[in-house]
Amino acid sequence: MDAHEIAAGRARWQARYDAARKRDADFTTLSGMPVDPVYGPPPGADVPGFDRIGWPGEYPYTRGLHPTGYRGRTWTIRQFAGFGNAQQTNERYKMILGAGGGGLSVAFDMPTLMGRDSDDPQALGEVGHCGVAIDTAADMDELFDGIDLAGVTTSMTISGPAVPVFCMYLVAAERQGADLSKLDGTLQTDIFKEYIAQKEWLFDPEPHLRLIGDLMEYCAREIPRYKPVSVSGYHIREAGSTAAEELAFTLADGFGYVELGLSRGLDVNVFAPGLSFFFDSHLDFFEEIAKFRAARRIWARWLRDEYGATSEKALWLRFHTQTAGVSLTAQQPVNNVVRTAVEALAAVLGGTNSLHTNALDETLALPTDESAEIALRTQQVLMEETGVTNVADPLGGSWYVEALTDKIEAEAEKIFARIRQLAGDGPHRIGPMTSGILRGIEDGWFTSQIAESAFVYQQALEKGEKKIVGVNCHTGTVAKELEILRISHEVEIEQKRLLADRKSGRDKAAVEAALERMIATARSGENMVPAMLDAVRVEATLGEICDALRAEWGVYREPARF
């Protein structure tokens with residue numbers, strides 16, 4: 001790009017920056033030195049390929065979605081939390097919000113993630129242990145008691161039974177008197193990554209995609225600010241993928257959901273802004289920053305060139321980041337505070353829109369109040385004390401960062417080509433990327449790629465080529481054993497008692513009729529969300545809804561592979 005084009009780009013950025021709202025804050029260094037809101041090539045410079053770097057708030061958004069960067073708005077502090085019963089988790093949420101958290105993120109227990117009630121025999125010993133137990137809309141009422149759902153954005157990390165859980169959230173908001181059309185938040189819903197990495201599914205892919213398509217239609221029509229699908233790379237990375245694989249598999253899944261929306265006749269400019277992303281931030285500082293920058297650029301180009309999006313918001317890749325749980329160590333766990341801070345800083349320098357920071361004890365148990373506060377304060381120290389919010393994309397133009405961004409992008413493009421190759425020549429019922437993803441799931445291609453990457457890294461650890469402090473180097477310590485949070489068995493007993501009381505106190509005939517109408521809707525091909533909402537309103541349980549669908553659609557069994 002020649003000097004004239006670069007100067008014209010800077011002028012466009014300046015005009016947009018001047019017109020944008022900025023925070024009332026001190027944008028100087030610790031010593032009081034003023035800093036510019038963005039930096040770029042000096043006047044008169046020719047920079048080949050600068051169109052791929054560009055300016056913040058301008059296509060291809062390598063440097064961020066907004067001309068102001070974090071001067072306009074800082075990232076949302078969104079701490080992931082959930083344990084025990086709804087009342088215990090509600091107390092943690094109020095602590096997070098009272099301490100400066102900007103949004104909520106719900107962690108569900110394993111029975112809920114698998115669409116089973118707390119009294120299901122398969123739930124024995126798991127209730128409330130890795131998240132909060134939610135059986136009915138009444139649990140959701142209690143989970144958000146005293147928290148204005150119309151005034152706080154809420155993310156829910158659940159995929160298999162995402163739609164019935166979303167219906168419970170809507171009913172809880174409805175009972176608070178909220179205008180449902182104004183709700184704002186995110187539902188994970190991403191079933192592709194379950195088959196690829198996490199394995200929390202209910203049905204075969206096709207019924208899940210039916211439900212996701214219904215949800216996308218419903219939200220686009222009824223709740224336009226709500227993001228019905230958060231495409232998750234986090235679990236793919238935690239399973240052992242490389243950074244490039246995390247990026248490519250995640251964006252490919254996102255393209256699959258774009259194809260799903262288009263196959264439903266939806267306008268890409270209307271529904272694409274409802275797709276968000278969820279990435280891991282691991283310990284290789286610059287690799288993670290490059291990954292986030294490449295993600296925005298790839299998404300914008302593909303949405304424009306492959307899927308015909310024309311609105312700016314449809315081209316924006318918005319993403320939440322969580323620091324890498326897999327990087328935490330049980331040995332010398334206090335070191336995890338340092339790891340988390342480095343990973344959080346990489347996410348911020350990569351331009352994350354919201355962030356969760358892991359607690360130091362999460363490799364051992366759910367976080368205590370103290371460790372949860374340290375995790376929250378980690379973000380606040382970055383936000384308030386380090387100056388990283390003063391300049392948009394401060395590493396933009398770095399030879400290393402730009403080269404690494406280009407390299408990760410090129411690796412991702414090779415993987416996209418391979419996924420499309422898996423799809424064959426068609427015809428494709430939803431779209432070619434979707435066909436490739438489904439074939440890759442069926443053949444075990446994704447899982448084998450991740451397993452190979454995990455094996456290579458583990459070999460490097462065991463040979464000492466890669467280092468983990470406290471594990472394979474610097475193993476001496478004077479640290480004492482941590483006090484960890486333990487979930488009492490009484491939680492499960494009490495949750496089952498509450499569930500029994502709720503079942504006995506409801507109109508059983510109304511529940512059965514609502515479930516029958518839901519199944520009739522499933523057979524008719526109509527949108528299932530309204531019928532599911534009706535079932536939730538009469539206190540049908542999560543397990544009853546999912547069991548009715550399992551009886552209709554069957555269950556998915558992963559093929560044995562060797």
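The values are calculated or read from the model by the stated rules, or taken from the named source; none is laboratory data. Bear in mind the structure is a predicted one, so any value in this text is a computation, not a measurement. Here the Cβ is made from the backbone with ideal geometry for all residues, glycine too, and neighbour counts use every protein chain on show. Ligands, DNA and RNA are excluded from the accessible area calculation, which covers all protein heavy atoms including side chains. Shrake-Rupley method; radii C 1.70, N 1.55, O 1.52, S 1.80 Å.
Summary of values
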| quantity | calculated |
| --- | --- |
| Pairs where the first residue, in segment 514-526, is under 16 Å from Tyr218 (Cα atoms) and the second is among the polar types (S, T, N, Q), C-beta under 9 Å, 6+ apart | Thr521/Asn527 |
| Of residues in segment 546-562 being at pLDDT below 95 and of a type outside the set (A, V, I, L, M), the one least open to solvent (accessible area, probe 1.4 Å) | Tyr556 |
| Residue within segment 203-218 that is closer than 24 Å to Asp148 by Cβ, surrounded by 22 or more Cβ atoms within 10 Å (Cβ to Cβ) and under 19 Å from the mean Cα position of the chain (by Cα) present | yes |
| Set Gly505, Gly543, Gly525: member being over 21 Å from Gly213 (Cβ atoms) and surrounded by fewer than 15 Cβ atoms within 10 Å (Cβ to Cβ) | Gly505 |
| Sole exception among (1) open to solvent by less than 60 Å² (accessible area, probe 1.4 Å); (2) over 22 Å from Ala295 (Cβ atoms) for Lys467, by number | (1) |
| Helices (runs of 4 or more DSSP H) contained entirely in segment 1-113, each with at least 2 residues that are open to solvent by 30 Å² or more (accessible area, probe 1.4 Å) | 3-19, 86-98 |
| Inter-residue pairs, beta-carbon under 6 Å, first modelled with pLDDT of 95 or more and in segment 234-248, second open to solvent by 20 Å² or more (accessible area, probe 1.4 Å) and acidic (Asp, Glu), 6+ apart | Ala243/Glu287; Ala244/Glu411 |
| When residues of segment 451-470 are limited to those that are under 29 Å from the mean Cα position of the chain (by Cα) and either among the polar types (S, T, N, Q) or in a loop (DSSP other than H, G, I, E, B) (or both), the one nearest to Leu366 (Cα to Cα) | Ile468 |
| Candidates Gly72, Gly32, Gly82 - the one that is out of contact with any strand residue (DSSP E or B) (no Cβ under 7 Å at 6 or more places or on another chain) and farther than 23 Å from Arg293 by Cβ | Gly32 |
| The listed residue being over 28 Å from Gly64 (Cα atoms), in contact with a helix residue (DSSP H, G or I) (Cβ under 7 Å, 6 or more places away or on another chain) and either part of a helix (DSSP H, G or I) or at pLDDT 95 or above (or both), out of Ile430, Ile415, Ile419 | Ile430 |
| From Thr62, Thr76, residue being of a type outside the set (Lys, Arg), within 24 Å of the chain's Cα centre (by Cα) and modelled with pLDDT under 95 | Thr76 |
